[in-house]
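Taking it in order: structure first as structure tokens, then the write-up.
The values are calculated or read from the model by the stated rules, or taken from the named source; none is laboratory data. This structure is a prediction, so every number in the text was calculated from the model and none was measured. Note: ideal-geometry Cβ built from the backbone for every residue, glycine included; neighbour counts use all protein chains shown. Ligands, DNA and RNA are excluded from the accessible area calculation, which covers all protein heavy atoms including side chains. Shrake-Rupley method; radii C 1.70, N 1.55, O 1.52, S 1.80 Å.
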Amino acid sequence: MDDCSWMYRDSPERLCRMDYCNWVEAFINYTLSNPKNISGGDIRCPCKKYKNKKFLDLDVVMMHLLQKRIH
């Protein structure tokens, strides 16, 4: 995950863009490979609201990334 520029593109059709959805999936997989991002089965949520400070269920993090902006 060297190039994270996709996370900061502001696109009104973000939810419909397959490239964004694919990158969200890749981001989740990368996060799961790094133990410091996991706590009790939950992962850090990088959405605009939580800014990697809160651990949430994987499905919740996925929805936050699809519906909200990354910080």
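For segment 24-71, filtering for residues that are touching a helix residue (DSSP H, G or I) at 6+ places or on another chain (Cβ under 6 Å) and part of a loop (DSSP other than H, G, I, E, B) leaves 1.
Among the residues of this structure, LYS51 counts as one that is modelled with pLDDT of 85 or more and of a type in the set (D, E, K, R). Taking interchain pairs and intrachain pairs at least six residues apart, which have beta carbon atoms under 9 angstrom, with the first residue in segment 31-48 and open to solvent by less than 30 Å² (accessible area, probe 1.4 Å) and among the hydroxyl-bearing types (Ser, Thr, Tyr) and the second modelled with pLDDT under 90 and part of a loop (DSSP other than H, G, I, E, B)? Pairs found: THR31/MET1; THR31/PRO46. For segment 55-70: of the residues being at pLDDT 90 or above and among the charged types (D, E, K, R), which is surrounded by the fewest Cβ atoms within 10 Å (Cβ to Cβ)? It comes out as ASP59.
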